[in-house]
Amino acid sequence: EKGGFDHFMLKEIYEQPSAIQDTFRGRMLPKDAIIKMAGVEDNMKTFLNADRIIVVACGTSWHAGLVSEYIFENLARIPVEVEYASEFRYRNPVITDKDVVIAISQSGETADTLAAIKLAKSKGAFVFGVCNVVGSSIARETDAGAYTHAGPEIGVASTKAFTTQITVLTLIALRLARAKGTITSTEFRHHMIELELIPEKVKKALESDDYVRSIAEIYKDASNFLYLGRGYNFPVALEGALKLKEISYIHAEGYPAAEMKHGPIALIDENMPIVVIATRKGHYDKVVSNIEEIKSRSGKIIGIVTEGDTTVKKLADHVIEVPESLELLSPLLTTIPLQLLSYHIAVMLDKNVDQPRNLAKSVTVE
Ligand code: F6R
């Protein structure tokens with residue numbers, strides 16, 4: 001049942017190329033310049049008239065929501081707010097019938113997300129679901145939606161759900177951007193072609209597995225990790241830190257790289273491994289100067305870089321390469337080594353990778 005893998009988590013990490021492909025299959029036709037998703041088409045007017053999009057989710061799904069904020073705003077020029085479902089529902093939020101709420105949930109059973117949906121609906125908002133489990137409570141409770149089609153995710157630590165959620169949200173953003181005219185038809189097509197290349201590139205990113213394992217060996221006994229990223233890759237830093245916490249029980253924090261100097265820099269010494277996402281596009285020079293600051297304080301740097309990078313290679317203790325892509329799609333690639341890193345560390349520490357202590361696959365309590 002684990003398909004020859006030692007754990008479901010590893011199997012699911014390796015399923016990502018096909019899971020992402022399954023997510024866009026039949027929905028995206030680059031040759032014909034078409035993206036078609038029934039839940040979006042049927043409600044196009046509502047989406048186009050929306051004052052803003054509010055994303056509600058928890059945990060890893062919330063991180064996918066954060067990535068989508070950057071994507072929606074950049075491509076479709078729609079203001080987006082991303083909310084923890086649990087905070088949103090308890091703070092008397094301002095919601096109107098001009099809001100579109102997107103609820104993201106792998107299981108479709110998360111109690112706080114479900115309650116946030118009910119609240120939004122009661123205020124007249126249109127609620128769109130991005131779920132993995134077909135027929136789940138959230139899929140049923142929402143007005144419309146799009147499934148991720150990632151296949152069953154058994155490992156408690158979410159992996160392929162995250163990348164397929166980002167894929168669905170990217171498709172929606174592209175479709176809305178085209179309908180609004182905020183991207184040209186050339187850009188539209190170009191993005192689709194690049195997205196179509198992602199499964200192959202994820203496969204390539206997975207080839208770093210042995211090298212990532214050797215890095216895990218070096219840092220597995222660290223008691224703290226810092227993860228830094230900017231822009232589209234800031235949420236990836238958060239997600240990398242969450243993965244490590246969940247399954248290896250090592251304390252880790254994700255931070256926007258530029259915020260480091262406003263506090264976390266005080267933590268840095270020779271015992272602190274710092275994972276820095278430093279792909280070539282996306283404020284590269286700024287991230288490189290963050291890396292220099294870390295280095296001058298003797299922090300250990302694990303860089304996630306674009307293939308062929310030389311600058312970060314000179315500064316970092318280790319660099320893990322991922323293929324080049326559009327900046328907007330880079331989270332689908334930079335996430336891969338972070339998943340592998342947390343997996344290998346947890347295995348080396350002899351933790352229960354698929355069923356970490358205190359965690360459940362669907363959190364049905366509030
Ligand atoms: C992370 C993880 C949790 C879930 C969160 C939301 O690996 O498993 O943080 O992401 O509980 O779950 P869903 O997406 O099912 O609503």
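In the set ALA64, ALA76, only one residue is in contact with a helix residue (DSSP H, G or I) (Cβ under 7 Å, 6 or more places away or on another chain) and within 16 Å of the ligand (Cβ to nearest atom); that residue is ALA64. Does THR159 qualify as being within 27 Å of LYS245 (Cβ to Cβ), of a type in the set (Ser, Thr, Tyr), open to solvent by 20 Å² or more (accessible area, probe 1.4 Å) and within 15 Å of the ligand (Cβ to nearest atom)? The answer is no for THR159. Summed over segment 273-324, residues that are open to solvent by less than 10 Å² (accessible area, probe 1.4 Å) and either closer than 27 Å to PRO17 by Cα or of a type in the set (A, V, I, L, M) (or both) total 18. Tallying residues that are in contact with a His (Cβ under 7 Å, 6 or more places away or on another chain) and either open to solvent by 60 Å² or more (accessible area, probe 1.4 Å) or over 21 Å from ARG297 (Cα atoms) (or both) within segment 193-223 yields 4.
To keep it simple, each residue is scored yes or no on (1) among the hydroxyl-bearing types (Ser, Thr, Tyr); (2) out of contact with any strand residue (DSSP E or B) (no Cβ under 9 Å at 6 or more places or on another chain); (3) farther than 26 Å from HIS190 by Cα; (4) at pLDDT below 95.
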site: ARG27; (1), (2), (3), (4): no, no, no, no
site: GLU41; (1), (2), (3), (4): no, yes, no, no
site: ILE78; (1), (2), (3), (4): no, no, no, no
site: GLU81; (1), (2), (3), (4): no, no, yes, no
site: ILE102; (1), (2), (3), (4): no, no, no, no
site: SER105; (1), (2), (3), (4): yes, no, yes, no
site: VAL127; (1), (2), (3), (4): no, no, yes, no
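When VAL56 is tested against (1) in contact (Cβ under 8 Å) with a residue 40 or more places away in the chain; (2) buried (at least 18 other Cβ atoms within 10 Å of the Cβ); (3) away from the ligand (no atom under 14 Å from the Cβ); (4) of a type outside the set (D, E, K, R), only condition (3) is not met. Of all residues in segment 130-151, those being part of a strand (DSSP E or B) and within 14 Å of the ligand (Cβ to nearest atom) number 4.
Scanning segment 338-356 for residues that are touching an Asp or Glu at 6+ places or on another chain (Cβ under 9 Å) and either under 19 Å from LEU66 (Cβ atoms) or at pLDDT below 95 (or both) gives LEU338, GLN339, SER342, VAL353, PRO356. Whether a residue is within 21 Å of the chain's Cα centre (by Cα), farther than 24 Å from VAL133 by Cβ and without any contact (Cβ under 8 Å) to a residue 12 or more places away in the chain was assessed, and GLU81 does not pass this test.
The values are calculated or read from the model by the stated rules, or taken from the named source; none is laboratory data. Quick caveat, the model's predicted, so the values are computed rather than measured. When we count neighbours, we look across all protein chains shown, and the Cβ atoms used for this are built from the backbone with ideal geometry, even at glycine. Note: areas computed on protein heavy atoms with side chains; ligands, DNA, RNA excluded. Shrake-Rupley method; radii C 1.70, N 1.55, O 1.52, S 1.80 Å.
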